[in-house]
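Just below is one structure, and these are the notes that go with it.
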Amino acid sequence: QIDRTEHQVSDDRAQTGVFLIGPLERGQATTLGNSLRRVLMGGLEGSAITAVRIAGVNHEYATVPGVREDVLDILLNCKQLSVNSRNQDLEIGRLVVSGPAEVKAKDLQFSSQVHVVDGDRPIATVHDGHSLELEVHVERGVGYRPVDRRNEELTAIDLLQIDAVFMPVRRVNFTIDETAVAEGGSTRERLRMEIV
């Protein structure tokens, strides 16, 4: 039997769920907890932003006139965006914002195949009289994919590659509780999983 006992969204917008699985025979909770943790952390397919193009910028150490954050900060903010793409192919999102403005994830314009999970996640701050033009590439994958430096010469010079974290689950913790004694005097176990 599986019960979800808690669900909450914390201040950093992470969603947490607590699940109880049981009753289980002695030793099964550890085996099941390790297996579920491994699958949840490394085996689920997810979506991530893999590249960003900023108008007028051709490397990550530049600055954008009239934007508070430098390009590296914008790339890190884009890497933290939670997106859900139902398309197996590359999806491209765009935004053009004129200041003064707080640019947030909900300002990105995607096709109907892509959903921005947390629209209030900040990307950049644009000052009065300036603008920011941004393009992001969203792909589906499994696990973690670092930037492949060997293929950079094959891509456009102004397309900034980002390490992609496709994992929809960020953290899994589990504990094992002993429950009431079953028939025959053996103890039962209950697995408590916290998934973020």
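With both labels modelled 7 Å from their Cα along Cα-to-Cβ, the ARG171 to GLU45 distance reads 2.8 nm.
Placing LEU76, LEU159 in order of accessible area, with the largest value first and a 1.4 Å probe, yields LEU76, LEU159. Rolling a 1.4 Å probe over the protein heavy atoms of the chain, with every protein chain left in place, gives an accessible area that is 47 percent carbon and sulfur. Projecting the Cα atoms of LEU160, HIS127, THR63 onto the charge dipole of region 59-175, computed from C-beta unit charges around the Cα centre, puts LEU160 farthest toward the positive end.
Surface analysis of the chain yields an accessible area of 58 Å² per residue, using protein heavy atoms and a 1.4 Å probe. Residue order by solvent-accessible surface for MET41, MET193 is MET41, MET193, largest first, with ligands and nucleic acids left out and a 1.4 Å probe.
Which value, in debye to the nearest 20, gives the size of the charge dipole of the chain about its Cα centre, when Lys and Arg are +1 and Asp and Glu are -1 at the Cβ?
Details: 22 positive and 30 negative charges, 108 e Å.
Magnitude of the dipole: close to 520 debye.
Here ARG86 and GLU25 are evaluated by their C-beta separation; at R0 = 30 Å the FRET efficiency comes out at 0.15.
The values are calculated or read from the model by the stated rules, or taken from the named source; none is laboratory data. Everything numeric here is computed off the predicted structure, so don't read it as measured data. For neighbour counting, all protein chains shown are included, and Cβ atoms are generated from backbone atoms with ideal geometry for every residue, glycine included. The protein model used for the area step is the full one, side chains on, heavy atoms only, and it has no ligands, DNA or RNA in it. Shrake-Rupley method; radii C 1.70, N 1.55, O 1.52, S 1.80 Å.
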